[in-house]
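Here the structure is laid out as structure tokens; the discussion comes afterwards.
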Amino acid sequence: MVTLHEGNTPLIPAPRLAEATDPSLRIFLKCEGFNPTGSFKDRGMTVAISKAVEAGSRAVICASTGNTSASAAAYAARAGIRAFVMVPKGAVAIGKLSQAAIHGATVLVVDGTFDQALSIVTQIAERHPVTLVNSLNPFRLEGQKTGAFEVVDQLGRAPDYHLIPVGNAGNISAYWRGYREYHRAGIAKELPKMVGFQAAGAAPIVEDRVILEPKTLATAIRIGNPASWGLAKEALQDSQGWIDAVTDEEIVRGYRLLAREEGIFMEPASCATVAGLAKMVKAGRFEPGSTLVLTLTGHGLKDPDTALESATRPVSVPARLDAVLAQLGL
Ligand code: F0G
């Protein structure tokens, strides 16, 4: 097994988010940004890379909005095999790019979208001796479903609603599979409603059409033609859940709220769930007193540029006590 001891991430209560939205709700945050490479991708990558090595593969390939490439690069390094990653130009947060680079992956920046890159790497993996580690690789979702197992283990039950950001739509499908398996095994008595959120400029499932030029500041979910579209629709239907879109403005509001009120710094795509929480509470979509779990998919340090742009700027001061006191207003 090729592992970096991923998983076992904390499920943290979020009373301030409840206060800011609906105090009757019990809200918990599944903090997937605390995985070894800073995102939930590690749960799937440990399985995908272990199985690739088992099958004798010497190289892996993926397209990515950043986190998959960071995870693939790290686990390939751990396994002693090569990683080729393709990312869309100008649309990947700097932390993620630096991870792929330092782990020794071959990084190709493509002048196009994630969806175009995914189509290219899929064709390469069909014809050449490299293993595809995007979520089209079935072992990825098998690993990622453990997120749902852990939520039930930590909460002692399944939540009433599970809120999750949707990009390529693998993770919502994986969580639903995990919940169903635990339910079938009798470990969870209940099943949650799955509630997905896409960014308004990149909402193909919400709008039920391919988006050729997706746009959002939440670059992780800037995807116009999700690979697991069908599986995600099944998850939404079977769980009696739903999917909605949140604007970049709402995402940034959620991003700041989470960081400032709960002390948890997650990247913008993760905060589509916080934005969605606020929007759905306003729309009266949650039964009062319900238990909600939000998956926070990636760490805030992945994208320091957006953090600095979204917050009060640091202030420069001369190295003098009086000047510092004047600035602090003390
Ligand atoms: N949140 C983050 C931080 C992500 O990196 C992704 C996907 C998602 C949410 C959406 O998850 O694709 O399973 O629906 N990132 C992929 C990548 C596409 O290449 O890193 P999904």
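Within the range 179-201, being closer than 21 Å to residue 90 by Cβ and either open to solvent by 70 Å² or more (accessible area, probe 1.4 Å) or under 15 Å from the mean Cα position of the chain (by Cα) (or both) holds for 198, 199.
Anything in the range 52-72 that is in a loop (DSSP other than H, G, I, E, B), out of contact with any Phe, Trp or Tyr (no Cβ under 6 Å at 6 or more places or on another chain) and under 15 Å from residue 86 (Cβ atoms)? List them, or say none. Show your work before the answer.
Looking only at the range 52-72, we keep the residues that are in a loop (DSSP other than H, G, I, E, B), and these are 55-58, 64-66.
With the extra rule that they be out of contact with any Phe, Trp or Tyr (no Cβ under 6 Å at 6 or more places or on another chain), the set shrinks to 55-58, 64, 66.
Passing the criteria: 64, 66.
Would you confirm whether or not the range 81-89 contains a residue that is more than 15 Å from the ligand (Cβ to nearest atom), closer than 19 Å to residue 143 by Cβ and touching a residue at least 12 places away in the same chain (Cβ under 8 Å)? Don't jump to the end; show me each part of the working.
Here is the first cut: in the range 81-89, the residues more than 15 Å from the ligand (Cβ to nearest atom) are 81-82.
When the remaining residues are screened for being closer than 19 Å to residue 143 by Cβ, the result is 81.
Adding the requirement that they be touching a residue at least 12 places away in the same chain (Cβ under 8 Å) leaves 81.
Looking through the range 81-89, at least one residue is more than 15 Å from the ligand (Cβ to nearest atom), closer than 19 Å to residue 143 by Cβ and touching a residue at least 12 places away in the same chain (Cβ under 8 Å).
Go through the residues of the range 20-38 one by one and say whether even a single one is free of Cβ contacts under 8 Å to residues at least 60 places away in the same chain, open to solvent by 10 Å² or more (accessible area, probe 1.4 Å) and of a type in the set (A, V, I, L, M, F, W, C). No: the range 20-38 contains no residue that is free of Cβ contacts under 8 Å to residues at least 60 places away in the same chain, open to solvent by 10 Å² or more (accessible area, probe 1.4 Å) and of a type in the set (A, V, I, L, M, F, W, C). Considering only residues in the range 311-326 that are exposed (fewer than 11 other Cβ atoms within 10 Å of the Cβ) and under 38 Å from the mean Cα position of the chain (by Cα), the one that is nearest to residue 256 (Cα to Cα) turns out to be 312. On the stretch given as the range 150-174, residues that are free of Cβ contacts under 8 Å to residues at least 12 places away in the same chain and within 27 Å of residue 199 (Cβ to Cβ) total 0. If only residues of the range 39-64 that are crowded, with 24+ Cβ neighbours inside 10 Å and charged (D, E, K, R) are counted, the one that is nearest to the ligand (Cβ to nearest atom) is 41.
Of everything in the range 152-173 that is away from the ligand (no atom under 16 Å from the Cβ) and open to solvent by less than 40 Å² (accessible area, probe 1.4 Å), the residue that is farthest from residue 5 (Cα to Cα) is 161. So, residue 295, is that one within 11 Å of the ligand (Cβ to nearest atom), buried (at least 22 other Cβ atoms within 10 Å of the Cβ) and either β-branched (Val, Ile, Thr) or free of Cβ contacts under 8 Å to residues at least 12 places away in the same chain (or both) or not? Yes: the conditions hold for residue 295. Filter the range 90-138 for residues that are closer than 19 Å to residue 267 by Cβ, out of contact with any helix residue (DSSP H, G or I) (no Cβ under 7 Å at 6 or more places or on another chain) and away from the ligand (no atom under 14 Å from the Cβ); which is most open to solvent (accessible area, probe 1.4 Å)? Per the stated criteria, the residue is 102. How about the range 231-247: which of its residues are away from the ligand (no atom under 15 Å from the Cβ) and either at pLDDT below 95 or not small (Gly, Ala, Ser) (or both)? Residues satisfying the conditions are 237, 238, 240, 242, 247. Looking at residue 178, is it touching a residue at least 40 places away in the same chain (Cβ under 8 Å), among the small types (Gly, Ala, Ser) and within 16 Å of the ligand (Cβ to nearest atom)? Considered against the rule, which asks whether it is touching a residue at least 40 places away in the same chain (Cβ under 8 Å), among the small types (Gly, Ala, Ser) and within 16 Å of the ligand (Cβ to nearest atom), residue 178 comes out as no. Criterion first (near the ligand (Cβ under 10 Å from one of its atoms) and over 30 Å from residue 312 (Cβ atoms)) does residue 228 satisfy it? Yes, satisfied.
Would you say residue 70 is open to solvent by less than 50 Å² (accessible area, probe 1.4 Å) and within 13 Å of the ligand (Cβ to nearest atom)?
On the way: open to solvent by less than 50 Å² (accessible area, probe 1.4 Å): yes; within 13 Å of the ligand (Cβ to nearest atom): yes.
Taking the combined requirement at face value, the residue satisfies it.
The values are calculated or read from the model by the stated rules, or taken from the named source; none is laboratory data. Computed from a prediction, not measured in an experiment: that's the story for all the values here. Counting neighbours? That spans all protein chains shown, and the Cβs are built from the backbone with ideal geometry, glycine included. For accessibility, only protein heavy atoms count, side chains too; no ligands or nucleic acids. Shrake-Rupley method; radii C 1.70, N 1.55, O 1.52, S 1.80 Å.
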